Structures are given as C-alpha cells and as structure tokens.
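The values are calculated or read from the model by the stated rules, or taken from the named source; none is laboratory data. Please read all numbers here as calculations on a predicted model, not as lab measurements. Cβ placement follows ideal geometry from the backbone for every residue including glycine, while neighbour counts extend to all protein chains displayed. The area values use the complete protein model at the heavy-atom level, side chains included, leaving out ligands, DNA and RNA. Shrake-Rupley method; radii C 1.70, N 1.55, O 1.52, S 1.80 Å.
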Amino acid sequence: AATNEVVETSELPMMLYVYLTIILLVFLVYRDWRAMVACCLPLTLATFLGYWFMKSLDIGLTVATLPVMVLAVGIGVDYAFYIYNRLQMHLSLGLDIVSAFKQSLREVGIATVFTALTLSVGVATWSFSALKFQADMGILLAFLFMVNMLGAIFVLPALAAFLVKDKKAA
C-alpha cells in the first residue's frame, strides 16, 4: 500500500518527464513546433483515454501499471513518427496536405495498422490469464495500442492540416 502511495505521488512527474523527453526528441528531429503538436497531442489524448479505461475497468495505478502506461506512450509515438515523417517528406516535395496525407497512408498506413493490430492481438491474449494483473494489462495494452494507432491515423493528420498553412511548411 505504501509503495502504491509513492507511485500515485510520483506518477504525474514521471509522465511529465516522459512527455518532455518525447517533445524534446520530436523537436530535435523535426525542428518544428507543429510537429511537436501533431505528434504529441494524439499521444496525450490516448494517454488520458488510457486513464479513463483504467478507471472504467477498476485497474488501479500501481508500481506495475505505471510502466505499462509509459510503454504504451513509447509505442504510440512510433505510430505518429511513421505517419508524420512521410507526411513531411511529401509536403517538402510540393504536395498539398490532402495529397501528402493520402500518399503517406499508402506508404506507411497499412504498416502502422498491421503493427498496432499485431501488438494488440498479442497482448489481448493475456486477458485469458488466470492472473488478474496479467489479464488487466493485456486488455489495457491492447486498448492503448489501438487508440494510439487511431490517433496517429486520424488526429495527427487533422492537426497537421490545421497547422500547416503552406504546403512546404511542415
């Protein structure tokens, strides 16, 4: 119980450190605040949905569940990178945002979906475990992998379309 109290008090700083690291790395790679917003906002939304999901399923925040949330953030940002990197490349070639997004999805969309489905199905099998923790984490990770993928495919391009005014700006 004492450990879980420490986890509760350290959870916000830990997630902030994770997000600050991701934001810094996104900025170092893309050197553009719009990339940070487009890649990190869907990730943040997925994290909050993950907390809601944990509350709905009565999965407590413990020393064991916190690393699972951090893992999901790490995987989720990968999905955003797949999409944003291609989107940026096509925009730099002069395509408008809609054409650049369509081309990006043709190139990496199926890989992103396949990766998310493979990871989700793999961890979802844990839900059949007799161990409650393992079953809960399987369901939680499957949910987070899918929500992060949906954010990368739907929310990221919407943000990019809103943020990118000049087709060569991203």
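You will find that of Val77, Val73, Val147, the residue that is modelled with pLDDT of 95 or more, open to solvent by less than 40 Å² (accessible area, probe 1.4 Å) and at negative phi is Val147 and no other. Scanning segment 109-144 for residues that are hydroxyl-bearing (Ser, Thr, Tyr), free of Cβ contacts under 8 Å to residues at least 40 places away in the same chain and crowded, with 17+ Cβ neighbours inside 10 Å yields Thr115, Ser120. Only one of the numbered conditions (1) within 30 Å of Tyr84 (Cβ to Cβ); (2) at pLDDT below 90 is not met by Lys132, and that is (1). The number of residues in segment 33-57 that are of a type in the set (D, E, K, R) and buried (at least 17 other Cβ atoms within 10 Å of the Cβ) comes to 1. Any chance segment 87-107 includes a residue that's farther than 18 Å from Ala161 by Cα and at pLDDT 90 or above? Checking segment 87-107: at least one residue is farther than 18 Å from Ala161 by Cα and at pLDDT 90 or above. Would you confirm whether or not segment 24-34 contains a residue that is touching a residue at least 60 places away in the same chain (Cβ under 8 Å) and more than 21 Å from Gly151 (Cβ to Cβ)? For segment 24-34, residues touching a residue at least 60 places away in the same chain (Cβ under 8 Å) and more than 21 Å from Gly151 (Cβ to Cβ): absent. Scanning segment 8-22 for residues that are within 19 Å of the chain's Cα centre (by Cα) and either surrounded by 18 or more Cβ atoms within 10 Å (Cβ to Cβ) or not hydrophobic (A, V, I, L, M, F, W, C) (or both) yields a total of 6.
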